[in-house]
Structure formats: C-alpha cells, structure tokens
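**Q** The structure is given below, and queries will be raised subsequently.
The values are calculated or read from the model by the stated rules, or taken from the named source; none is laboratory data. All of these numbers come straight from a predicted model, not from anything done at the bench. Note: ideal-geometry Cβ built from the backbone for every residue, glycine included; neighbour counts use all protein chains shown. Surface accessibility is based on the protein's heavy atoms, side chains included, excluding ligands, DNA and RNA. Shrake-Rupley method; radii C 1.70, N 1.55, O 1.52, S 1.80 Å.
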Amino acid sequence: NIVTSLDQQLRSRAEKVVPGGMYGHLNARPLPPGYPQFFAKGEGCHLWDVDGRRYIDFMCSWGPILLGHKYPAVEEAVERQRQQGDCLNGPTERMVELAEKLVANIPHADWAMFQKNGTDATTSAITVARAGTGRRKILVARGAYHGAAPWCTPSVVGVTAEDRAHLVHFEFNNIESLEAAAEAAKGDIAAILVAAFKHDLSVDQMLPDPPFAQRAREICNEVGAALIIDEVRAGFRLSVGGSWEKLGIRPDLAAWSKAIANGYPLAALTGNDRFRDAASRIYVTGSFWMGAVSMAAAIATIDELLATNGIAHMERIGTRLRDGIAEQAMRHGIRLRQTGPVQMPLILFDDDPSFAKGARFASEAIKRGVYMHPRHNMFLSLAHTESDIDETLEVTDVALARLASEYRA
Ligand code: PMP
C-alpha cells in the first residue's frame, strides 16, 4: 500500500487533462529527482510545495519575485487597487503614473507601453523597430532566449522557417560576427536585439564587453537601425535604469517584464523619441494588458526597490553565496564555475558534459530544502538574508561533499 504524495497525485491528474501534464519553463520533468511540480505557497524567500515541504527559493519564480514572495507593500498596493477594479474599459490613472515612473528612472526612455509577458515586449520591440525603419532584418545572438513566440521560440516544433526568415545571427561579444551579420543584412537592418548580458541555458554567463556594446550602438547609428536591449530577465535586478547604462550605452528600445511587478503579470516596452511615432502606429494589444492591479504592483515594486537599495542588498548576499560556494568547492576538490552577476548566480561543474554532476548537486540540495537549478541561472531577492545564505551554505557543503565522494570513487 504505497502512499503517494499530493504532488504525484496532481501530476497523474494533470496527465489526463493537460497536454504532457505540464509544459514550458516551469515544467519540473527535466529537473533532477526530488523536485516538486506543484506549490502551495510562498513567503519571503521561502516556498512550500503541496506536500508541505519548505524550500529556500533560489529561482524566485524564474525571475519575477524581486522583493520576496508576498512582499507587504506590494500586496497592500494590490489590495487597494483590487478594491477599485482591475480590468476595466480602459486603463486607470496607474498606467500614466507607471509610465511616468519608468520615464523618470530609465535614461533612454521617453515613453513606455505595457503588455503582459516578456514575449509581448520583445515582439512589440521588433515590430516598432520594423515600423520605424521600414526594414525587415533583426540581428540576434545565437542561442539567446527572447521568448516563446514563433519568431523566437528555441523549439522548432510547430514553427516554420518563414517565422524566422528575417533573423540574422551573431555570437554574443564577438564584434567580427556582429559585423558579418550586419553585412549579410545590409540595407535591410531594422534592429540589433541583444540581451542585457549572455544568460543562455547550460553555458557560462557572460557580461557584455564594452567594445562589443559600443560597436552594436555604432552599427545601429551608422545604418539607422534600432538597438533593442532585452532586459526581461536582468531588468530591476541589475539596475533600474538599464543594464548598459554603466557602459555608457543607451538602447533605442528596451523590453522589460519578470521582476517589474514582483510576480504580478506585467511587461513594458520603453523607447526614445526617435521611435515614438512608430510605436504609436503599430497595432498591439491584449484583453488584460491594461489591468490596473499589476500596474499598482509595479509602482510599489519599483518604489520599494529604490527605497531599500535592494540591488545593493542582492549584490551583498549574492557575493556571500558565491564566496561560500567557491571556498567549499576548493575544500572538497571540486572544480566548478560561477558566472554572471552575483544576484543571478549560475553554477556549472567542470568535466560535466551531460550535467550529471550539476544534477546530483541540485538533487542533494533540494532534498535538504534548498531549491536551486542545475543549468539555468538562478535569482536572488531582497528577502534573502545573510542567515538564509548561511543556512543554504550548510546544505551546499553537504551536497558538495557527497559529490566529491561519488566522483572520487
Ligand atoms: N527575454 C528574456 C531574456 C527572458 O529571460 C524571457 C523569459 N525567460 C523572455 C524574454 C520571455 O518572457 P516571458 O516568458 O514572460 O514571455
């Protein structure tokens, strides 16, 4: 008489009524043994699965949770707006307030428009670029993720070659390949679309080299194309004003989502005056795009992030985690790589072509209440404290010790 967990019961019920039981990036099936699929609640930096197990959450819903689950000031703003209404015949005052806030805090932005998901924002961005330039080609980095629409989904299933016909690829941080792509698309370049930094699945993360970023800006200037930065994953975690500001590079358009409203569904496209007219001529919309609750959540999220100096906090605890794991790996004789910004950690193991070591490490961690990801970058929040990191490090120490003994044997 085997007692099955609620998670297993829900998975079998879902199998019957949901294609594949689950789909998309939150599908737990590709994860190592021990990961739950279904969750019951979240609070601060903790998550509880449907079987009542608690985890320290290092995925933050894959980015959206910036301040912590159920952050009080955001929930209060949400509740206030809910009392007034959410989905009405038009936007509320919140839309104007939020657009003003983005324009005030994002140097390149002269305007903002709102959607729901990151894919909406990246798709709107290339549409504005094409409308504004009258051209077709979009230069994109090979392997970069910009969403799940037919033009950008990483899968080829159900997608036609025509959907991607006007994408021209280059290698991130490789000026020669960027120039070659520009040459190949000569006369027809609408935009260069590039992520805030390289955060592709299963490979080391990479910040943009200043000369590469500079060259991307120059090419756009030379040919009159739009430089679009995809800030969907990095936005508000690395900076509020734009990830390339510190390099002195401003995009013409930027796509935002994920962390913008601390878990409430919202995306934004920001742009400069050069593309204002084009942005006003394209037709993009959605039944829920003007929902006021998410906009109220975004206003509160940005205010709190700025008031708490949340990015500096995430950098501090991210450094504590990275230093701790580096020391443990050294002590256990395990070679691993931690790349990218500390508040978006990625841990990959050396000599691990099939990611078996990463999977074992993550499995040992999840068993002990630490929800990490073996291949995708992780996310820290304002809610992670120093003691949460220390508790995590106790677990990673055991997990790395296990790994060391297994791989020595
Ligand atoms: N761009 C980037 C860089 C992303 O990380 C994501 C989501 N992982 C998207 C676009 C698409 O966002 P969404 O899933 O909200 O459509």
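Residue by residue, here is whether (1) touching a residue at least 40 places away in the same chain (Cβ under 8 Å); (2) more than 21 Å from the chain's Cα centre (by Cα) holds:
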residue	(1), (2)
W289	yes, no
T301	yes, no
T308	yes, yes
I317	yes, no
G324	yes, yes
A329	yes, yes
I334	yes, yes
Q338	no, no
P341	yes, no
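**Q** May I pose another question? Go through Y23, Y55, Y35 for me and flag whichever is open to solvent by less than 10 Å² (accessible area, probe 1.4 Å), under 29 Å from S354 (Cβ atoms) and assigned by TED's automatic domain parsing to the domain that holds F379.
**A** Y55
**Q** Right, next: Could you tell me whether any residue of the range 209-222 is part of a loop (DSSP other than H, G, I, E, B) and surrounded by 19 or more Cβ atoms within 10 Å (Cβ to Cβ)?
**A** Among the residues of the range 209-222, not one is part of a loop (DSSP other than H, G, I, E, B) and surrounded by 19 or more Cβ atoms within 10 Å (Cβ to Cβ), which makes the answer no.
**Q** Follow-up question, since we're still on this one. Could you list, in sequence order, all residues of the range 372-394 that are open to solvent by 10 Å² or more (accessible area, probe 1.4 Å), farther than 18 Å from K258 by Cα and out of contact with any Gly (no Cβ under 7 Å at 6 or more places or on another chain)?
**A** Matches in the range 372-394: T385, E386, S387, D388, D390, E391, E394.
**Q** If the Cβ limit is 6 Å and pairs must be 6+ apart or interchain, which residue in the range 112-134 that is in the same structural domain as D277 (by TED's automatic domain parsing) pairs with which residue that is among the acidic types (D, E)?
**A** Short answer, once both residue conditions are applied: T122/D230.
Yes or no, residue by residue, for (1) under 28 Å from G52 (Cβ atoms); (2) touching a Phe, Trp or Tyr at 6+ places or on another chain (Cβ under 7 Å); (3) among the small types (G, A, S):
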| position | (1), (2), (3) |
| --- | --- |
| M314 | no, no, no |
| L346 | no, no, no |
| P353 | no, no, no |
| M372 | yes, yes, no |
| R375 | yes, yes, no |
| T385 | yes, no, no |
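**Q** With more than 16 Å from the ligand (Cβ to nearest atom), buried (at least 16 other Cβ atoms within 10 Å of the Cβ), within 24 Å of the chain's Cα centre (by Cα) and in the same structural domain as S239 (by TED's automatic domain parsing) as the only criterion, which of L178, L193 stands out?
**A** So the residue among L178, L193 that is more than 16 Å from the ligand (Cβ to nearest atom), buried (at least 16 other Cβ atoms within 10 Å of the Cβ), within 24 Å of the chain's Cα centre (by Cα) and in the same structural domain as S239 (by TED's automatic domain parsing) is L178.
**Q** Kindly establish whether W111 is modelled with pLDDT of 95 or more, open to solvent by less than 70 Å² (accessible area, probe 1.4 Å) and within 16 Å of the ligand (Cβ to nearest atom).
**A** The answer is no for W111.
**Q** Something else: Looking at the range 341-364, can you tell me whether even one residue there is basic (K, R), crowded, with 17+ Cβ neighbours inside 10 Å and farther than 30 Å from E76 by Cβ?
**A** yes
**Q** Do we find that C45 is touching a Gly at 6+ places or on another chain (Cβ under 7 Å) and either under 19 Å from N262 (Cα atoms) or in contact (Cβ under 8 Å) with a residue 24 or more places away in the chain (or both) in this structure?
**A** Against the criterion (touching a Gly at 6+ places or on another chain (Cβ under 7 Å) and either under 19 Å from N262 (Cα atoms) or in contact (Cβ under 8 Å) with a residue 24 or more places away in the chain (or both)), C45 qualifies.
**Q** All but one of (1) over 30 Å from L305 (Cα atoms); (2) surrounded by fewer than 21 Cβ atoms within 10 Å (Cβ to Cβ); (3) aliphatic (A, V, I, L, M) hold for A399; which doesn't?
**A** Looking at each condition in turn, A399 falls short on (2).
**Q** Another question, then. So which of M314, M344 is touching a His at 6+ places or on another chain (Cβ under 9 Å) and assigned to a helix (DSSP H, G or I)?
**A** It is M314.
**Q** Can you spot a residue in the range 249-269 that is out of contact with any Phe, Trp or Tyr (no Cβ under 9 Å at 6 or more places or on another chain), farther than 17 Å from S124 by Cβ and more than 16 Å from the ligand (Cβ to nearest atom)?
**A** Checking the range 249-269: at least one residue is out of contact with any Phe, Trp or Tyr (no Cβ under 9 Å at 6 or more places or on another chain), farther than 17 Å from S124 by Cβ and more than 16 Å from the ligand (Cβ to nearest atom).
**Q** Of everything in the range 270-288, what is under 15 Å from I106 (Cβ atoms) and within 16 Å of the ligand (Cβ to nearest atom)? Give them in sequence order.
**A** Matches in the range 270-288: T270 only.
**Q** Residue by residue through the range 123-167, note down the ones that are within 24 Å of S257 (Cα to Cα) and assigned to a helix (DSSP H, G or I).
**A** Correct list: T123, S124, A125, I126, T127, V128, A129, R130, A131, G132, D163, R164.
**Q** T127 passes all but one of (1) out of contact with any strand residue (DSSP E or B) (no Cβ under 9 Å at 6 or more places or on another chain); (2) over 30 Å from E183 (Cβ atoms); (3) open to solvent by 30 Å² or more (accessible area, probe 1.4 Å); which number fails?
**A** Just one mismatch for T127, condition (2).
**Q** Please enumerate the residues belonging to the range 107-126 that are of a type in the set (A, V, I, L, M) and under 18 Å from the mean Cα position of the chain (by Cα).
**A** Answer for the range 107-126, where residues must be of a type in the set (A, V, I, L, M) and under 18 Å from the mean Cα position of the chain (by Cα): A121, A125.
**Q** Report the residue count in the range 220-248 for those that are more than 16 Å from the ligand (Cβ to nearest atom) and more than 20 Å from D273 (Cβ to Cβ).
**A** 3
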